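Laboratory data are not the source of any read-out in this text; all were calculated from the coordinates shown. The structure presented is a predicted model; accordingly, all values stated were derived computationally and were not measured. Quick reminder, even Gly has a Cβ in these numbers, built from the backbone with ideal geometry, and neighbours come from all protein chains shown.
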Amino acid sequence: IKNIDIDEKDLTDLQSLLEDEDNLLKNFPEGEKIKKKIEVESGSGNLNLPKKEFPTFFEFKSLKGKKDQLLTVSLPENKKLNLSLITDVKDNYFSRNSKKGYWEFFELIDGSRKKIKSFSGPNLKDGLCTFTNIKTPTKFIPGNLINIGIEIYDKKENKDGYKLNANVIINSKQIKPKKPKKHPKPKPPYIPKNNFQGKTIIEELKQNPIIAKPLVKDEWQRYTQTDWHEEEVSHLRRNPIPGNPGETVYELFYNRDNIHLINEINTNSSRKNPMEVIIKKYEMTLSILTMFTIMRYRKDKEDNFLKKIYSNETEDRVEIQETDAVDVTLRYYAIQMFKLYDFIFKKFGKKS
């Protein structure tokens, strides 16, 4: 794990977001609400549309009517890869002799196009266009992420063409690990209302903001004592402060190889939006979301409103632990982390 260099401006931004905790807690969005309004072309996605000489759209069948044509496919190893598109063009678009349509089918590897040669298609029939039995230059090995691009164009009406992308994640059959024998955890000490280590939780977090630290796959188990998984987002723990009996400090690790972070880097990094900036946004969002969750947890605990879960150890319903609440929350928001960054720092941040 590398040492984290904390930028003074980052600290200021995090601290300023904690100034008005009531406003944050009331207005922080639910995951389902963070969606952009999408304008859909009339009729898009309807296979029964009258067929035209030239297409007005090409879309993935599972993303019909959506502006963003980035498809994510989870493919078990040794399974065949097929992609289905929908359109409103006549069946002879690719096969006719004049004013025909053209296509390019490729894999993106380190920014370069590698032509996909092994597949069947495109097969166009009644508005459904398919590429089947696809084999890419990159082998279907568990853990591989394969970026596929499709471009469809003609020399008459659609010179710029239609561009579609698919991220294919190769998975293996997961063997459910045996659960280690658990030992009862001691009950946490009583924490007075609105108080944390002699201060309110807001004061504590403002003075010592929680900064997310990256762990790559090979480091994850060593530092967290848990198994690594591509969907895992974070691991929060509280460490004792040497020389201060009874006092602890938060330490937040995050999965640098999380599948959603890797997808964001692979699809949206550019000269104007380099990988370093994407990672910084991810870290800042994890940090502030962790602190929001802790504030919410403390407030619910004070109000005796914490959710309880069934315990196999005691056969009773027990309160969810603070660190578990944070890990579950971050996993829930993982796929929308970058929309969250824009929402948080534009609505609440005091950036110049």
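In terms of Cα atoms, the Rg and Dmax of the range 248-297 work out to 13.1, 41 Å. If you bin all the Cα-Cα distances of the range 49-102 at 10 Å, starting from zero, the percentages per bin are 21, 39, 29, 11, 0. 3J(HN,Hα) along the range 230-246: 4, 8, 5, 10, 8, 8, 9, 9, 10, 9, x, 8, x, x, 10, x, x Hz, from the Karplus curve 6.51 cos²θ - 1.76 cosθ + 1.60 with θ = phi - 60°, whole Hz, x for Gly and Pro. Once you treat every alpha carbon in the range 64-188 as an equal point and sum by Debye, what is log10 I(q)/I(0) at q = 0.09, 0.19, 0.22 Å⁻¹? The calculated log intensity ratios at q = 0.09, 0.19, 0.22 Å⁻¹ are -0.36, -1.12, -1.39.
For the range 209-254, the direction-averaged projected area of the alpha-carbon convex hull comes to 3.7 nm².
A cut-off under 9 angstrom between Cβ atoms defines the neighbours of MET337, and their net charge, with Lys, Arg +1 and Asp, Glu -1, is +1.
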